[in-house]
Structures are given as C-alpha cells and as structure tokens.
Amino acid sequence: MPKRPVVDAELCIGCGHCAEVCPQVFALEDEKSQVIGPDNCGSCSCLEAIDTCPVQAISWEGGA
Ligand code: SF4
C-alpha cells in the first residue's frame, strides 16, 4: 500500500499552506485541511507540505 498523508484536524489551524503547496492532495474545508487526493502524492510536493505545516498536523499513514 502506498503511503498516504493524513491530517490531524485537532492540530490543523487552517492556514491553507498545504493546499497551496499541494492542491491535488489537500483542500481547505470549514477552515481545516482535508485530504482530497491521498493517492496523488508524487504529483506534487507532499513532503514539503508535511515538513512546512506550522503545527505538524500532517503525517504519513501506511506504506513503508
Ligand atoms: Fe492545516 Fe498544516 Fe495544512 Fe496549515 S499546513 S492547513 S495547519 S494541515
């Protein structure tokens, strides 16, 4: 199973950064980031989004 990003809604402050860096994967809904395209990682900069989330709300699930 490929790795997929997950957002911890408790931590997310809705800054929109991940959706800006990686719009195929993240979108803001109700001021929280939602993973709209978990299988689109690789077509954008998921790692950068994860690394630069100001509250470290994004992590990887599954995969190696
Ligand atoms: Fe939420 Fe982090 Fe994305 Fe900002 S970068 S919207 S805090 S998950």
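The values are calculated or read from the model by the stated rules, or taken from the named source; none is laboratory data. None of the values given here were measured: they were computed from a predicted structure. Ideal geometry is used to build each Cβ from the backbone, glycine not excepted, and the neighbour counts take in all protein chains shown. Side chains included, ligands, DNA and RNA excluded: accessible areas come from the protein's heavy atoms. Shrake-Rupley method; radii C 1.70, N 1.55, O 1.52, S 1.80 Å.
With no solvent and one equal point scatterer per Cα, compute the Debye intensity ratio I(q)/I(0) for the chain at 0.12, 0.15, 0.17, 0.29 Å⁻¹ and report its log10, rounded to two decimals.
The calculated log intensity ratios at q = 0.12, 0.15, 0.17, 0.29 Å⁻¹ are -0.23, -0.36, -0.46, -1.39.
Round to the nearest 10 and report in Å² the accessible area of ASP39, as given by a 1.4 Å probe over the protein chains' heavy atoms.
Roughly 100 Å² of ASP39 is accessible to a 1.4 Å probe.
With a 1.4 Å probe and every protein chain kept in, tell me what percent of the accessible surface of the chain is carbon plus sulfur.
The nonpolar share, carbon plus sulfur, comes to 49 percent.
Determine ³J(HN,Hα), in whole Hz, for all residues of the range 40-47 in sequence, where each value follows from phi through the Karplus function 6.51 cos²θ - 1.76 cosθ + 1.60 and θ = phi - 60°; x replaces Gly and Pro.
8, 4, x, 8, 8, 10, 3, 4
Scan the range 1-62 for GluC sites (Glu not before Pro) in coil per DSSP, keeping those whose Cβ has at most 14 other Cβ atoms within 10 Å, and list them by number.
Answer by residue number: GLU10, GLU31.
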